[in-house]
1. Of all residues in region 51-70, how many are under 16 Å from Gln101 (Cβ atoms) and in a loop (DSSP other than H, G, I, E, B)?
2. Are any residues in region 85-116 touching a helix residue (DSSP H, G or I) at 6+ places or on another chain (Cβ under 9 Å), over 17 Å from Val4 (Cβ atoms), modelled with pLDDT of 95 or more and among the hydroxyl-bearing types (Ser, Thr, Tyr), and if so, which ones?
3. Considering each residue of region 102-121, count those that are out of contact with any strand residue (DSSP E or B) (no Cβ under 8 Å at 6 or more places or on another chain) and assigned to a helix (DSSP H, G or I), and give that number.
4. Taking only pairs six or more apart or across chains, which ones have beta-carbon atoms under 9 Å, a first residue in region 105-133 that is within 16 Å of Leu44 (Cβ to Cβ), and a second residue that is surrounded by fewer than 17 Cβ atoms within 10 Å (Cβ to Cβ) and among the β-branched types (Val, Ile, Thr)?
5. Before we move on, is Gly73 small (Gly, Ala, Ser), assigned to a loop (DSSP other than H, G, I, E, B) and either under 25 Å from Arg131 (Cα atoms) or modelled with pLDDT under 95 (or both)?
6. For region 82-101, which positions are over 10 Å from Trp58 (Cα atoms) and not in a helix (DSSP H, G or I)?
7. Determine whether region 28-42 contains at least one residue that is small (Gly, Ala, Ser), touching an Asp or Glu at 6+ places or on another chain (Cβ under 7 Å), within 22 Å of Arg10 (Cα to Cα) and modelled with pLDDT under 95.
8. Determine whether Glu47 is over 15 Å from Phe6 (Cβ atoms) and either modelled with pLDDT under 95 or not in a helix (DSSP H, G or I) (or both).
Amino acid sequence: MAEVLFWSLRQKFLDSDDDMPAQAKQVMYYSLAIGHHVGVIDCLNKEFSCPLEQYQQWIGLLPEGEARRKMQGLLTFGEIVIDSTHTDLLATALAPLCESQVEPFAAWSATLIRLLTEIVHEPAIYLIVRRVL
């Protein structure tokens, strides 16, 4: 059965044995922050999963617009990234589902909002959502 996995990236480490001067480290950290992952190992934490069929039902409950389009990207591409640029958009669309929907949709919405809030507090965190067959 196909499922959808939500992972968070909360830490990275550089795979390097080189002793680097402080100024060079700052350049390296800056390049990591803007997405250059050469020699970087991502440490992913599984946050939650759901059956693909129920994921489709869940995102079908979102109002038409950018939030739904973002979440439907998983169905098209097999993977999406949710970062600090998506927090307000998705939280606004998901909030009504926390109170008005049946389980498991209300719980998933609340969990995703909690993760989005963590991203707001620490913008280096992001989520990877992947379809697994």
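1. Within region 51-70, residues that are under 16 Å from Gln101 (Cβ atoms) and in a loop (DSSP other than H, G, I, E, B) number 3.
2. Thr87, Thr92
3. Total satisfying the criteria: 10.
4. From residues that are within 16 Å of Leu44 (Cβ to Cβ), the pairs are Tyr126/Val81; Leu127/Val81; Ile128/Val81; Val129/Val81.
5. Working: small (Gly, Ala, Ser): yes; assigned to a loop (DSSP other than H, G, I, E, B): no; either under 25 Å from Arg131 (Cα atoms) or modelled with pLDDT under 95 (or both): yes.
Against the criterion (small (Gly, Ala, Ser), assigned to a loop (DSSP other than H, G, I, E, B) and either under 25 Å from Arg131 (Cα atoms) or modelled with pLDDT under 95 (or both)), Gly73 does not qualify.
6. Listed by number, the residues that qualify are Ile82, Asp83, Ser84, Thr85, His86.
7. Step one: list which residues in region 28-42 are small (Gly, Ala, Ser), which gives 31, 33, 35, 39.
Still in the list and also touching an Asp or Glu at 6+ places or on another chain (Cβ under 7 Å): 39.
Applying the additional criterion that residues be within 22 Å of Arg10 (Cα to Cα) yields 39.
Next, from what is left, pick out any that are modelled with pLDDT under 95: 39.
Within region 28-42, one or more residues are small (Gly, Ala, Ser), touching an Asp or Glu at 6+ places or on another chain (Cβ under 7 Å), within 22 Å of Arg10 (Cα to Cα) and modelled with pLDDT under 95.
8. On the way: over 15 Å from Phe6 (Cβ atoms): no; either modelled with pLDDT under 95 or not in a helix (DSSP H, G or I) (or both): yes.
When the stated conditions are applied, Glu47 does not pass them.
The values are calculated or read from the model by the stated rules, or taken from the named source; none is laboratory data. Computed from a predicted model, the values in this text were never measured in an experiment. Note that we place each Cβ from the backbone using ideal geometry, even for glycine, and neighbour counts take in every protein chain shown.
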